[in-house]
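Below you'll find the structure, written out as structure tokens, and then a few comments.
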Amino acid sequence: MPTQSKPKQRRLLDLIRDDVNIVAAGLLHDLAILQSSERSSFGYKRAAKALAAGIDRSVVELIDDGTLRDVPFVGASSERIVSEVVRAGESAAVARAVGASAKRTEVEKRRKYRRAYLSRHAMRLALDAPLPATIVSRKTYLGDLQMHSTWSDGAESIADLVEGAETLGWKRIGVTDHSYGLPIARGMSMEAAVRQHEEIDALNASLKGRVRVYKGVEANILADGALDLSEEERRVFEYVIASPHSQLRKEIDQTPRMLAAVRLPGIAILGHPQGRMYNTRPGIAADWVKIFRAAAQRDVAIELDGNWHRQDIDYELAALALDEGCIFALDSDAHSIAEFPFTDYAIAHARIAQIPADRVVNCWEEARFDAWLEERRGVKKTKVRSK
């Protein structure tokens, strides 16, 4: 990272790590685990989500103003816990409750599933931080490369997704419906893919360059590192995201699986590489430095999936990937237009990691982006990024 940017990055990291919103939300999740009543558990979970993902302001300010209870779903019990954290830096009440509970082991396990997540407040801090102009930002971001339509498990048509993208000023989107090997997500057959591509061609013709729609697919990484699409089938698409959707709770090392996927012909992006979920699962355990190094050697982009519950990879792993020479894709993984703003979380993690826009494929101008996609598909070999 450039020497002159390190003090600013240090200050930003300190702000992120001191974010009381995400700490307080975690403690409310602890209490949710301890409840004997499903109703009480749900109440704490709902309050936690409001603090973590629903508000722009710091809970410190809200406590000082006496307005925390104005936040939807935050009741008196949750307010007491947040007040403790704000005043003392921790909650003695939660510590006592956890210590006296038979569910203590479960609480400690779940705490590991909350590492390096951003609250909405922290995300805003990262987006607004005065970083060097070379660092990726919303201003340099040209469009989202992972989203799902009604062709698989998305809620809206491609035409509607285009309209949403235009509203945000994006110049490109990539429609990446699930491949047929993931039936739980209504994976798209190859015959359906042909019909979808005809629809995209017609849309692109009508858009006259205002927004370009790319024909992507999200393929499923199998247990052995193979994909649910053959190499020939992968060539049907303009680009392939390879993502893990299974074995995401196992504690075994899965480095060989992920390395095998990265090294497959025709892969452009390694999608939500860990497969983690906030407070629910840790995702894949692997030697990520080794995987990032292999991806960098092959110009496979590492995705920062901004879906709030995923935030995968996070800013800590992203910094490691940057050091290994990786390029990146910053995406929403949206299943509706309402989820397009998840790109803000991806951009925020990238800014904390100090990733330059030049290393983010979403920010590349069209000719450079297209050349990279052609190289990934093996159409031609092109030098796609400056050294």
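The values are calculated or read from the model by the stated rules, or taken from the named source; none is laboratory data. This is a predicted model, so every value here is computed, not measured. For neighbour counting, all protein chains shown are included, and Cβ atoms are generated from backbone atoms with ideal geometry for every residue, glycine included. Heavy atoms of the whole protein, side chains included, go into the accessibility calculation; ligands, DNA and RNA do not. Shrake-Rupley method; radii C 1.70, N 1.55, O 1.52, S 1.80 Å.
Worth a mention:
- Estimated vicinal HN-Hα couplings, Hz - the stretch 251-260 in sequence order (Karplus 6.51, -1.76, 1.60; Gly, Pro = x): 8, 6, 6, 10, 4, x, 4, 6, 5, 4
- Computed E for ALA202/ASP224 - FRET, C-beta separation, R0 41 angstrom, nearest 0.05: 0.60
- Sparsely packed trypsin sites (Lys or Arg not before Pro) within the stretch 124-174, loop by DSSP, other Cβ within 10 Å at most 11: LYS139
- Summed side-chain charge close to THR67 - residues other than THR67 whose Cβ falls under 12 Å, Lys, Arg +1, Asp, Glu -1: -3
- For the chain, the relative contact order comes to 16 percent (Cα pairs under 8 Å, sequence separation of at least 6).
- In terms of packing, defined here as the mean over residues of other Cβ atoms within 10 angstrom, the peptides 315-322, 366-373, 267-274 line up highest first as 267-274, 315-322, 366-373.
- Taking the helices alone, the chain has a mean residue ellipticity at 222 nm of -13500 deg cm²/dmol, built from -39,500 (n - 2.57) per DSSP H run of at least 4 residues and averaged over all its residues.
- ALA192 versus ARG115: modelled label distance in nm, points set 7 Å from Cα along the beta carbon direction: 3.6 nm
- GluC sites (Glu not before Pro) within the stretch 55-105, DSSP loop, no more than 13 other Cβ atoms inside 10 Å: GLU90
- With every protein chain in place, the chain: carbon and sulfur % of accessible area (1.4 Å): 51 percent
- The residues of the chain present an accessible area of 43 Å² per residue when probed at 1.4 Å with all protein chains retained.
- Simple Cβ-charge dipole of the stretch 20-114, Lys/Arg +1 and Asp/Glu -1, about Cα centre, in debye nearest 20: 520 debye
- Close amide H partners of ALA334, meaning residues 5 or more places away or on another chain with modelled amide H under 5 Å apart, are HIS148.
- Most tightly packed first, judged by the mean number of other beta-carbon atoms within 10 Å of their residues, the peptides 102-109, 256-263 read 256-263, 102-109.
- Centroid-to-centroid separation of the stretch 67-122 and the stretch 195-234 [C-alpha atoms, Å]: 42 Å
- Taking amide hydrogens as placed 1.01 Å from N in the peptide plane, the amide H of LEU227 sits under 5 Å from those of LEU222, each at least 5 positions away in sequence or on another chain.
- Across LYS139/LYS171; LYS109/LYS290; LYS109/LYS250, pairs whose alpha-carbon gap is larger than 20 Å: LYS109/LYS290
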